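Novice: Before anything else, here's the structure in question.
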Amino acid sequence: MKTEEKNIYLIDGTSLCYRAFYAIRELTTSKGMPTNAIYGFISIVRKLIKDHVSGRMVMVFDLPGPTVRHEKFAEYKIHRKPMPEELVEQIPRIKDVIRAYGIPICELAGYEADDIIATLAETAKNRGMDVTIVTPDKDAMQLVDGRVKVLNLHGPEERVYGPIEVREKFGVDPSAMPDLMALMGDTSDNIPGVKGIGQVTASKLVKEYGSLKSLYEQLDKISSDTLKKKLEAGRGIAELSLELVTLDRHVPVETDVEGLLPKAPDIDRLSKLFREFEFMKLLREISPRTEEGILEHKVLCSDEDVKAALDRIKLSKEAVFCSVGIPGSSGLRGVAFSIGSFEAVFFPNRGVSGKTLKDILEDEGIRKIGHDIKNEIRVLRGAGMGIEGPFFDVMIADYLVDPSVTKHDLSSIAVKMGGSGLEDRSKIDPVDETGQVFLDLSCRPGYEVTEGCQKADLIRRIHVRLERELEEKDLASLFYEVEMPLVNVLVSMEDDGVALNTHYLKLLSSDMERKLDEVTSRVYALAGEEFNINSPKQLQKVLFEKLRLAPGRRTKTGASTDESVLKN
């Protein structure tokens with residue numbers, strides 16, 4: 001057996017789920033699906049594999065429902081809070097990710113993950129394997145020996161426990177851990193233990209007498225009457241606690257430990273899951289790169305280059321564009337245009353290129369296709385350029401075809417459509433068509449130019465799909481006749497403000513106050529008293545106690561006073 005094949009990692013998946021859930025909060029998809037535990041779990045497992053795992057591994061989970069320990073002790077783990085609903089919702093998807101990564105899962109109804117781990121550990125070491133149990137649960141310390149160790153990822157530092165480390169922390173050998181816990185109890189699992197005996201006293205007793213059984217056989221040797229009384233009173237509880245904390249190494253699992261080598265990840269399945277969860281960074285990491293997917297782009301420095309690109313844009317009558325800012329300022333460096341599939345050009349905002357750029361943007365015969373065109377107009381105006389329609393704003397188009405989502409940035413749209421967002425697919429060539437290296441260093445593409453060209457390319461691909469969806473969903477007229485003409489209107493409103501007839505508004509306010517006073521007086525007359533109409537409690541008292549009206553829907557605070565209820 002090879003060295004890596006002699007290792008097996010038994011991972012407490014349930015504890016990792018809890019750790020991931022509480023480590024990252026408030027992470028959801030654009031449709032509101034919670035993903036914090038999923039993302040955190042993936043991060044932990046990836047780091048675990050990178051830093052530790054070599055060889056076999058299996059992820060072990062608890063299943064809902066009572067176990068054999070609940071049959072022995074009804075109050076077992078009764079103090080533990082139920083799993084948060086948001087975590088419950090994410091567990092099945094976490095398991096989907098684990099399977100897609102090719103990691104085996106082991107779980108069995110009626111048995112805890114700890115017992116399954118104990119069984120697998122016993123089987124593995126008997127077959128000559130070295131076992132690492134990944135868990136924060138101190139119950140697993142009883143399994144530690146020359147071939148079994150525990151890796152605790154919780155806390156500020158990762159720690160590995162072998163026999164020496166267990167003795168240092170708990171004061172007893174690993175094999176005596178059940179006896180120690182039976183005496184001192186375990187509040188996390190509601191293991192009672194002997195009342196009044198803590199870890200220090202329990203450790204001394206176990207070291208002196210060897211085991212719980214031996215201790216009670218020699219109870220008369222204990223010199224302290226107080227301690228003896230505690231032990232006598234707690235004997236039944238201690239023996240029950242010993243049963244509860246002793247892990248079962250003979251669970252009827254049908255998992256073959258020798259067959260637990262991880263399989264190759266299912267990239268297609270992972271891609272679908274990451275896309276659903278909107279994990280764009282993870283999706284980009286696993287997305288295959290192909291030569292035909294390389295985005296070619298260049299900065300235009302020569303008059304010939306500028307004219308050639310201009311001719312292509314005019315011929316297509318479409319300008320798929322993205323403005324590019326100057327790093328560290330609000331200025332305009334230039335504009336990137338997509339002029340074909342995986343092909344983009346960048347017009348610097350200067351010289352011949354700058355003049356051509358202005359001509360393109362202000363040409364009403366060229367449709368402008370961009371993302372958040374309202375903001376683009378503001379950026380371009382700041383550089384002294386106008387921009388004329390017709391427009392196609394992919395951000396607004398995406399909102400119309402899918403208003404249920406909250407994110408309409410480029411990457412989110414791309415991921416939703418089956419892509420992986422802004423990918424680093426650019427190949428920057430600092431040479432113009434004549435083969436001359438750019439002498440003007442300000443022409444050289446930088447990161448912001450690369451990103452601008454990528455965005456323009458992404459806008460082109462997104463636009464094609466959205467234009468089709470607008471037609472299919474009968475939204476084209478709303479988009480072109482209402483939404484797009486409003487873009488310039490909104491820019492003007494935001495920049496110049498909106499004129500208000502304050503005199504008329506004051507008249508309206510006065511008229512509303514008069515009508516409100518009349519209605520309030522009528523309510524007081526019908527109630528026979530004055531009260532705070534805006535107070536649900538006072539309104540409840542008047543309507544349902546004094547006037548004895550039949551209540552409708554009830555809430556936690558009494559009969560509902562919602563408008564919809566009162567109308568009925």
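Novice: Could you check the spin-label model distance between Arg249 and Ser302? Points 7 Å from the Cα along Cα→Cβ, value in nm.
Specialist: Once both label points are built, they end up 7.9 nm from each other.
Novice: Given Cα pairs under 8 Å that are at least 6 residues apart, what percent is the relative contact order of the stretch 138-225?
Specialist: In percent, rounded to a whole number, it is 20.
Novice: So what is log10(I(q)/I(0)) for the stretch 330-381 at q = 0.15 1/Å, when the Debye sum runs over its Cα atoms only?
Specialist: For the stretch 330-381, the Cα-only Debye profile gives -0.43.
Novice: Given the Cα-Cα distance of Val405 and Glu545 and 0.36 nm per residue of separation, how much length would full extension add, in nm?
Specialist: Contour length minus the Cα-Cα distance gives 45.9 nm.
Novice: Hey, what did the stretch 91-242 get for relative contact order, percent, Cα under 8 Å, at least 6 apart?
Specialist: Dividing the mean separation by the residue count of the stretch 91-242 yields 15 percent.
Novice: Additional query: Roughly what % of DSSP beta bridges within the chain run antiparallel, to the nearest 5?
Specialist: 40
Novice: Then there's this: Given axes a ≥ b ≥ c from the Cα gyration tensor, I'd like to know whether the stretch 127-186 is rounded (a/c under 1.5), prolate (a/b larger than b/c) or oblate.
Specialist: oblate
Novice: Per the Cauchy relation, a quarter of the hull surface: what is the mean projected area of the convex hull of the alpha carbons in the stretch 84-137, in nm²?
Specialist: It is 5.1 nm².
Novice: I've got another one for you. Kindly rank 547-553, 117-123, 277-283 from highest to lowest mean number of other beta carbons found within 10 Å of each residue.
Specialist: Highest mean packing first, the order is 117-123, 277-283, 547-553.
Novice: Under the Karplus relation 6.51 cos²θ - 1.76 cosθ + 1.60, θ = phi - 60°, what is the ordered set of whole-Hz ³J(HN,Hα) values for the stretch 216-231, x standing for Gly and Pro?
Specialist: Along the stretch 216-231, the couplings run 6, 6, 10, 4, 5, 7, 6, 6, 7, 5, 5, 5, 4, 5, 4, 5 Hz.
Novice: A further question on this structure: Picking from Cys17, Ser316, Ile42, whose Cα lies most toward the positive end of the charge dipole for the chain (charges on Cβ: Lys, Arg +1; Asp, Glu -1)?
Specialist: It is Cys17.
Novice: Here is a further query. Would you calculate the separation in nanometres between label points at Val88 and Ser224, each defined as 7 Å from the Cα along the Cα-to-beta-carbon direction?
Specialist: According to this spin-label approximation, the distance is 4.4 nm.
Novice: Calculate, for the stretch 514-553, the solvent-accessible area per residue in square angstrom, rolling a 1.4 angstrom probe over the heavy atoms of the protein chains.
Specialist: Per-residue value: 81 Å².
Novice: Determine which lysines satisfy two conditions relative to Lys221: a Cα distance under 18 Å, and not lying fewer than 8 residues away in the same chain.
Specialist: Partners found: Lys204, Lys207, Lys213, Lys229, Lys230.
Novice: Moving on to the next point. Starting from the Cα of Met493, step 7 Å along the direction of its Cβ; do the same at Glu168; then give the gap between the two resulting points in nm.
Specialist: My value for the distance between the label points is 6.7 nm.
Novice: Relative to the longest principal Cα axis of the chain, at what angle does helix 113-126 sit, 0 to 90 degrees, rounded to 10?
Specialist: 70
Novice: I've got another one for you. By how many degrees, 0 to 90 and rounded to 10, does the Cα axis of helix 85-100 deviate from the longest principal axis of the chain?
Specialist: With both axes taken from Cα atoms, the answer is about 90 degrees.
Novice: Still on this structure: Out of these labelled values of log10 I(q)/I(0) by the Debye sum over Cα atoms at q = 0.06, 0.09 Å⁻¹, (i) -0.58, -0.91; (ii) -0.44, -0.92; (iii) -0.29, -0.68, which was calculated from the coordinates shown here?
Specialist: (i)
Novice: Here's a follow-up. Counting Lys and Arg as +1 and Asp and Glu as -1, each charge on the Cβ, what is the dipole of the chain about the Cα centre in debye, to the nearest 20?
Specialist: Charge dipole, the chain, about its Cα centre: 1520 debye, nearest 20.
Novice: Report the per residue volume, in Å³, of the convex hull enclosing the C-alpha atoms of the stretch 462-568.
Specialist: Residue-normalised Cα hull volume stands at 238 Å³.
Novice: Counting only C-alpha contacts under 8 Å and six or more residues apart, can you give the relative contact order of the chain as a whole percent?
Specialist: It rounds to 11 percent for the chain.
Novice: Report the local net charge at Tyr399: Lys and Arg +1, Asp and Glu -1, summed over other residues whose C-beta lies under 15 Å from its C-beta.
Specialist: Local charge sum for Tyr399: -2.
Novice: Follow-up. Based on the Cβ-Cβ distance from Asp266 to Thr555, what FRET efficiency comes out when R0 is 45 Å, to the nearest 0.05?
Specialist: Calculated transfer efficiency: 0.40.
Novice: What is the percent carbon and sulfur in the accessible area of the chain, measuring with a 1.4 Å probe over the protein chains and ignoring ligands?
Specialist: Carbon and sulfur together cover 52 percent of it.
Novice: Per DSSP H run of n ≥ 4, the term is -39500 (n - 2.57); total these for the chain, divide by its residue number, and report the mean residue ellipticity at 222 nm rounded to 500 deg cm²/dmol.
Specialist: -14000 deg cm²/dmol
Novice: What ranking do 46-52, 494-500 get when scored by the average of other Cβ atoms within 10 Å per residue, highest first?
Specialist: 46-52, 494-500
Novice: Pull out the extension gain between Glu513 and Ile24, defined as 0.36 nm times the separation in residues minus the alpha carbon to alpha carbon distance; nm, one decimal.
Specialist: This chain segment gains 171.1 nm when fully extended.
The values are calculated or read from the model by the stated rules, or taken from the named source; none is laboratory data. Please read all numbers here as calculations on a predicted model, not as lab measurements. Ideal geometry is used to build each Cβ from the backbone, glycine not excepted, and the neighbour counts take in all protein chains shown. Protein only, heavy atoms only, side chains kept; ligands, DNA and RNA dropped before computing areas. Shrake-Rupley method; radii C 1.70, N 1.55, O 1.52, S 1.80 Å.
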